[in-house]
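Working notes, structure below.
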Amino acid sequence: MQTLLQKDESLLLGLDIQERLVSTMFYKEKVLKNAQILLTGARKLGIKTLISEQYPKGLGKTDEALKFKTIADFNALDHNDENSQVRLFEKISFSVMNDEMIVKCIKSTNCKSLVFFGIETHICVLQSVIMALQMGFEVWLIEDALSSRTKENHKNALRFMQTCGAKIINTESFLFGLMSDAKNEHFKAISALIK
């Protein structure tokens, strides 16, 4: 059956949801809540996930509200482990697409669709999205798991990225978009996540 996204062709990217950045975000509680739902849902649905940290020495590690296990390689995914499992990369460039190791990891998945969430919408997310589009990826944005320090910067960046070709969706639509119907083996688990 047809689904909105193909799980084997999609990669979920969480950008820079870090201790010192989150506290300054306009939608901080919503971003943390939906980011954890995305991580858990991706684990249940078998979606590969990559998380970046922008200069963690200065901005801190990924916020402790997000629970996941770091793996060295996507081939190391343990399908019996219920923890969210992610590839974690530190970066100094605003765009993840400017980091050689991250791009190598992305390309190793052979994915066609990159699905972004994180902060800040108008800086690191925007630059990553524009470069990903230029590289030929289909790009999706999880709007309710993105934020900037101001609502205006967030909305402006979303409009700009959409005009450039990015598709905007929300957490629930993304997760349910990976299933074709309620008969999917993961339907009950995903439904429980969003209640």
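The values are calculated or read from the model by the stated rules, or taken from the named source; none is laboratory data. Bear in mind that the values here come from a model prediction, so they are computed numbers and not experimental data. With ideal geometry, Cβ positions are generated from the backbone for all residues, glycine too; neighbour counts draw on all protein chains shown. These accessible areas exclude ligands, DNA and RNA; they are computed on the full protein's heavy atoms, side chains included. Shrake-Rupley method; radii C 1.70, N 1.55, O 1.52, S 1.80 Å.
Quick notes
- In the set (1) under 15 Å from residue 18 (Cα atoms); (2) acidic (Asp, Glu); (3) out of contact with any Pro (no Cβ under 9 Å at 6 or more places or on another chain), the condition left unmet by residue 90 is number (3).
- Only residues that are buried (at least 17 other Cβ atoms within 10 Å of the Cβ) and over 19 Å from residue 108 (Cβ atoms) were counted across the range 81-92, and they come to 1.
- All of (1) part of a helix (DSSP H, G or I); (2) open to solvent by 30 Å² or more (accessible area, probe 1.4 Å) hold for residue 78 with one exception: (1).
- Residues being out of contact with any Asp or Glu (no Cβ under 9 Å at 6 or more places or on another chain) and not hydrophobic (A, V, I, L, M, F, W, C) - total across the range 126-169: 13
- In the set (1) farther than 24 Å from residue 5 by Cα; (2) touching a residue at least 24 places away in the same chain (Cβ under 8 Å); (3) open to solvent by 80 Å² or more (accessible area, probe 1.4 Å); (4) in a loop (DSSP other than H, G, I, E, B), the condition left unmet by residue 65 is number (3).
- Note on the range 95-195: enclosed helices (runs of 4 or more DSSP H) holding 1 or more residues that are modelled with pLDDT of 95 or more and open to solvent by less than 10 Å² (accessible area, probe 1.4 Å) are 100-108, 126-134, 151-163, 171-177.
- Residue within the range 14-32 that is modelled with pLDDT of 90 or more and closer than 19 Å to residue 110 by Cβ present: no
- In the range 85-143, the residues that are among the basic types (Lys, Arg) and farther than 25 Å from residue 25 by Cβ: 104, 107, 112
- Members of the range 5-61 that are assigned to a helix (DSSP H, G or I) and either among the aliphatic types (A, V, I, L, M) or open to solvent by less than 10 Å² (accessible area, probe 1.4 Å) (or both): 21, 22, 31, 32, 35, 37, 38, 39, 41, 42, 45, 59
- In the range 16-29, the count of residues that are touching a residue at least 24 places away in the same chain (Cβ under 8 Å) and within 24 Å of residue 186 (Cα to Cα) is zero.
- Looking only at the range 53-94, and only at residues there that are among the polar types (S, T, N, Q) and more than 22 Å from residue 34 (Cα to Cα), the one that is farthest from the chain's Cα centre (by Cα): 80
- Residue 11 meets each of the listed conditions (1) at pLDDT 90 or above; (2) over 11 Å from the mean Cα position of the chain (by Cα); (3) farther than 21 Å from residue 150 by Cα apart from (2).
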